[in-house]
Every structure is written in C-alpha cells, then in structure tokens.
Amino acid sequence: MNADSFETVIVETDLLILGGGMAACGAAYEAAHWAKKHNQRVTLVDKAAMERSGAVAMGLSAINLYLGLKNGKNTVEDYVSYVKNDLMGIARKDLVANIARHVDSSVHLFEKWGLPIWKDDDGNYVNEGRWQIMIHGESYKNIVSEAAKNALRELGEHGSYHERIFITEPLVFEDRCVGAVGFSVRENKFYVFKAKAVLDSMGGAVHIFRPRSVGEGLGRSWYPPFNSGASTYFTLKSGAEMTCQEVRFVPVRFKDSYGPVGAWFLLFKSKATNAKGEDYMQTRAGELDKWAPYGSTKPTPTNLRNYLMLLELEEGNGPIFMRTDEAIQELVAQIPDEKEAKRKMKELESEAWEDFLDMTISQALNWASHNIMPEETPSEISACEPYFISSHSGASGAWISGPEDLAPGEHFWGYDNMTTVQGLFAAGDASGASSHKFSSGSFTEGRIAGKAAIAFCMDHPEQVDVSDEQIATLKEQVLQPLKIFEQHHGYTNDEDVNPHYLKPKMFMFRLQKIMDEYAGGASVGFKTSEALLTKGLEYLQFMKEDAEKLAAGDLNELMRCWENVHRMWQAESHLRTVLFREETRWPGYYFRTDHPSMKEDWEAFANCRWAPDSGEWIMIKREIL
Ligand code: SFD
Ligand code: AMP
C-alpha cells in the first residue's frame, strides 16, 4: 500500500467530539441542542460504527447508575460517599455529584427512545441493587446512538458524524487543543479535523496487560477490544494533567468467558465460595480491619472483595465458585405454593440466561457447551487481567474542571469537564477520579461536557489555524508504518519476521509481557514493587525506541500499530504512577510488596503530566478537597 497515495481531507467545525460511545452520544445529543441555538457546528468521529461501538456494543443487562431522586429513596450525597468508599477515599466529590444529580433524566430519555426497562407490578423500575436497575438491553447502544445521530442530523449542514476514522494525534497550538488527525480504516484518506473545542471520549483501554485468554482464546476479554488507550494518549500528548493513572480495574467475572457478576450478587443474592464451600466474605471478614476506615464500609469496596478472593487462591483454596444453584433454590424455597414456585423457577432460569445474552453472549455459549444449568450447577469465577475504565470501578483519566457551584476553588477553572489544556474536554472513561458513572453516567457526563464545550466555542470564536507544515509532518508520522513495510517487506520470505521492522501484534505481546510480569498482572497475583516497576520502565523505554520501526501492510494493521502506541503510553503513565504512590491502597487491584499497607499521607490524588516541550514526566501529589 502506497502511503503517498493518501488524499488529505480537511474538516472544519466548532466542537469536535472524539469517539462514538456512551459519553460521545450524550455529548452529541446535548451539544446539538446548544449548537442550534447559537449557530455552532458539531462533528463526531468514531473509529467504528456508532450503533455497535465501544463497551456497550454487545448490549448491557443493567443500568448501573440510577438514583431515583424523585422517589426520595437516595440522595446525591449517599451516592458520593458510596463512590468515595469504594475507591478507598480517592474520588472527586464535585465530579461524582455533578453526574449523580443529572443522571436520572438521561435514563428517562433512554426509556423514551425505546429502551425496555424492567418494571414491577406497580410500574416501578426493578432494582438490581441500590443504584442499579435492570434492562432488556441487547439493543441499548443502537437506541442511544440513533438518538445522537438524529440530534446531529437536526443541525443540517452544521452537524455530522464520521465513522470508521481512527483518531491518532491531537492538534495543539500554543497550549490549546484545536483539533485532531486520523485516518480512514477503509479508504486511503488522511483526515484533519480543525475545531474550536475538542471532547476526548474514546473510552478506556484493554490488552495492555497480558490477558488470561491466550492461544485459542486470544482476543476475548471483559472490556471491548476496540478501546485501546486513545483517550489517555490524546490528553497526555496534548500536555494535559492526568489523575489516578494507577487505579486500574480488575473485575471478577465468570471464568473464561467474562460473564458479569452484578446480577448474581445483587439481584439473585448469590454467594461466592472457595472450593470447600466457605463464604470467604464471612470467614475472612477480619482481614478488612487492616484497610480501615474503608474496609468496614458497606458494601465492601470492590477491590477488597477481590482481595479476599485472591487470598483464598493464594492458600490453594480454589476454584472459587458462584453458587448460582443455591441462590436460585433459596429464592424458589421462599414460595410456599408449588405451582407458583415452579413458575418462579422458570422465570429465574430465563433471567439468568438473559443476563448473559444481553451483554456477554459468549458466557451463555460457555454454559451451554459445558452442560451448565445455573439452577443445578455452580460456576467458576475469577479475577480478570487489569483494565483501564474509570467509568466502572477504576478511576484513571484526565484531571478536569468541576462545576462552579460544587467544585472547591482549585477544582474549577472555567468550564465543566475541561482538562488543564484550553479547549480540550474529557468525559466517560476519558476523565478521571469520578468512578461508578457507568453507561448512564458516562452519557450524562458527555452531556455536561458537550454543553460546556459549546460555551467555550462561543467565548473563543477565533478559528486557530494550524500550519500546512504541521499537518504535513503529522501525515508523514501517522503513515510511516506503511512506508516502512513497503520499503522492507521483500527482504524476508515471511512478512511478519523482518530485521527492519516489527508488526503490531508482536509489539502488543511484548508490551503485555512487560506489564504482566513487572507491573503486577494476573500471572504474578497482581503483585509488584519498586524494583520490578523500575525494571519494567527500563524495558518500556526500549519499546518506545522500537515503536519507530512499527510496520503495517494494510489499513487494518496501520490501525493496530497506532492502537499499540496508544496502549504503550497508557502503560507508561500507569507504571510511573504505581511507582509514585508508595503504598498499597487497592490490594485487590494491585499490591506493592515493598509498601504493603495504606498510608495516611497518601490519602491524596497521584497525578501526572507529560510535558510536550521537554518530553519530561512530571508527577504531582494533590490534596483531596
Ligand atoms: O455491569 C475511538 N458497563 C456497564 N454499565 C452499565 O451501566 N451497566 C452494565 O451492565 C455495565 N456492564 C458492562 C460495562 C462495560 C463493559 C465493557 C461490560 C459490561 C462488558 C460500563 C459502560 O459500558 C461504560 O461505563 C460506558 O460505555 C463508558 O462510556 P464511554 O463513552 O467512556 O466509552 P465507550 O462507550 O466504550 O465508547 C468509546 C468510543 O470511543 C471510540 N474510539 N474513536 C476514534 N478514534 C479512536 N482512536 C478511538 N478509540 C476508541 C469507540 O469506537 C467508541 O465509540 S457491567 O458488567 O459492568
Ligand atoms: P458487575 O457485574 O460486577 O460489573 O457489577 C454491576 C454492578 O453491581 C456495579 O455497580 C457493581 O459495583 C455492583 N456490584 C457487583 N457485585 C457487588 C457486590 N458483591 N456487592 C455490591 N455491589 C456489587
């Protein structure tokens, strides 16, 4: 493929939304409303097709953030303290509260657009847990993306969405983000998007750590393989400050096919036990005292639930089982009438299968192929490899401005959700320290950011132009892997093995090996130390040098090259921040063997910034306000 044949396409807009997931859809929906009023243009760019892109591609079986404020059962404050406890004290209260106070209205919109939400006999939503409601959500993403597209269509020539364009680099001019560049994954086209404000909402990251699924299972993971660290790369390369880069998420899932556990624990009230049938949440409750004050909060923080399970495995008490059989039997036993009990059994069975069919279909296939009937057989669960997803129970992302009415002075700098770089906004998995926003909260945060970004466009009407020279350099850089391949591929018989270059797949394997073995991946029981991290960073520097030699034989491989460069930056910010925080605060996510307990002086945010001028990494400790 000839890199010189690429056409350059320039798109000018006011607000540029990067990504087409939950946050991006929320942003498009809200921004379109304000853009129409103020005659602004909105452009959205997704690497995939919006109707099935991002984490919600397969659908979801619950909406994990709904307060039901109208019913008066919960308050925003309740939610904020739940999130803060779950993250062992590390959360931005202003950001969490801002999402929580607006999220219900987003859920009501989803229902209006056609999302079927479970209802009880009185017409109320069926809660899975205190904050979660059940949905028939196989088509969740189709429904939400259609609404976002319609909102953009309503803007006529001022609104557009571009699919299958992979965003690679930010356009930065004098400390302001003024657009992005990328390429089509279907045609030989290099894209330049020039904008007044840019919203980074390209999700979190997977396949940075070596997955448990290797060999025949390669590519299977809990988190969607399409999200590969673009959000973090984009904000880092723009020079923005990042937060909580050490706070990865290790979900516990049904083993090997990554089926979710929430419905089992919360809706079906199931227990997880070791192989001897002991409920480790009971037998190991004493361990929680070591993690005071968070160990004693209810519910037990996610990472501590993981930790108790990991201790069982360390002592050789595996496998760990989700006791689906006991849970179903117990629910049925509560019904005295035999006929009614039979009906209930059928209902529970169908709900159990739907939970997987709505969002992790392969888990249903796994059950079917192993002759598992959940009402009769328990299933193995296990801790997955780590992911970066701040909208769930992780927290990594950009350090952003809070809302003026809630944020303490230092946490407000003009526009909700703006990063420390002018004109660059972040939402969903791209923004940090506001965990547990989930699908509904990410959409809501997108709305908040979209509205603020339009306000920024109004206040900064000047169109900052980027020089042709800068664009030409970026084009050269982005297409370089194609050139390298073209130049050298004839040198060997096997195009994948060549002394002049390396292919993205091998590059990814190397990154995963470093992260797994040195940064506390699944194969080493999530343990690491200063000595290991320092060695890991050393190896990562070699990788950075070798990244110059990445080669791509076609457009798909070009995308893979850049995905892995993005992953590498996410990995580096993670390694550096785990090293910076000299304590263990989330033992079920990672454990620093050289600093095995929580320290009072680390009840703080660990932030970092990569300085574009000098290439230096700056580590910053910030107070929790
Ligand atoms: O329970 C580029 N989540 C769940 N949330 C719920 O509310 N209920 C559930 O039931 C959930 N479950 C769940 C969840 C996640 C996953 C992976 C599973 C199960 C298996 C969490 C939500 O899904 C999550 O919070 C939101 O989706 C986050 O929204 P956002 O917008 O931050 O990310 P996204 O939706 O993944 O979208 C990312 C977009 O970016 C695009 N993209 N575009 C251009 N250029 C690039 N270089 C790009 N890189 C990525 C993507 O294509 C996508 O459009 S439960 O099991 O936890
Ligand atoms: P999951 O399926 O693990 O992604 O969980 C879905 C939702 O249920 C999230 O809001 C989790 O925080 C919550 N959750 C899962 N397991 C538990 C548990 N054992 N106790 C409390 N909350 C849980």
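A few remarks follow.
- Qualifying residues in region 379-394 (those that are within 11 Å of the chain's Cα centre (by Cα) and part of a strand (DSSP E or B)) - the one nearest to ligand 2 (Cβ to nearest atom): Tyr387
- Qualifying residue in region 407-428 (condition: out of contact with any Asp or Glu (no Cβ under 8 Å at 6 or more places or on another chain), hydrophobic (A, V, I, L, M, F, W, C) and touching a residue at least 60 places away in the same chain (Cβ under 8 Å)): no
- Qualifying residues in region 255-288 (those that are among the acidic types (Asp, Glu) and assigned to a loop (DSSP other than H, G, I, E, B)) - the one nearest to ligand 2 (Cβ to nearest atom): Asp279
- Number of positions in region 546-596 that are within 25 Å of Trp399 (Cβ to Cβ), polar (S, T, N, Q) and over 22 Å from the mean Cα position of the chain (by Cα): 1
- Leu87 within 16 Å of Asn127 (Cβ to Cβ) and among the aliphatic types (A, V, I, L, M): no
- Strands (runs of 3 or more DSSP E) (entirely within region 188-254) containing at least 3 residues that are at pLDDT 95 or above and open to solvent by less than 10 Å² (accessible area, probe 1.4 Å): 189-194, 197-200
- Residue ID - surrounded by the fewest Cβ atoms within 10 Å (Cβ to Cβ), chosen from residues in region 326-353 that are among the charged types (D, E, K, R) and within 18 Å of Thr377 (Cβ to Cβ): Lys346
- In the set Glu347, Glu375, only one residue is assigned to a loop (DSSP other than H, G, I, E, B), over 28 Å from Leu87 (Cα atoms) and outside the structural domain of Trp586 (by TED's automatic domain parsing); that residue is Glu375.
- Taken over region 554-611, the criterion of being open to solvent by less than 10 Å² (accessible area, probe 1.4 Å) and of a type in the set (Phe, Trp, Tyr) is satisfied by Trp586, Tyr589, Tyr590, Phe605.
- In the set (1) within 16 Å of ligand 2 (Cβ to nearest atom); (2) open to solvent by 10 Å² or more (accessible area, probe 1.4 Å); (3) of a type in the set (D, E, K, R), the condition left unmet by Asp86 is number (2).
The values are calculated or read from the model by the stated rules, or taken from the named source; none is laboratory data. Only a predicted model underlies this, so the values are computations on that prediction, with no experimental measurement involved. We place every Cβ from the backbone using ideal geometry, glycine too, and count neighbours over all the protein chains shown. What goes into the accessible areas is simple: the full protein's heavy atoms, side chains included, and nothing from ligands, DNA or RNA. Shrake-Rupley method; radii C 1.70, N 1.55, O 1.52, S 1.80 Å.
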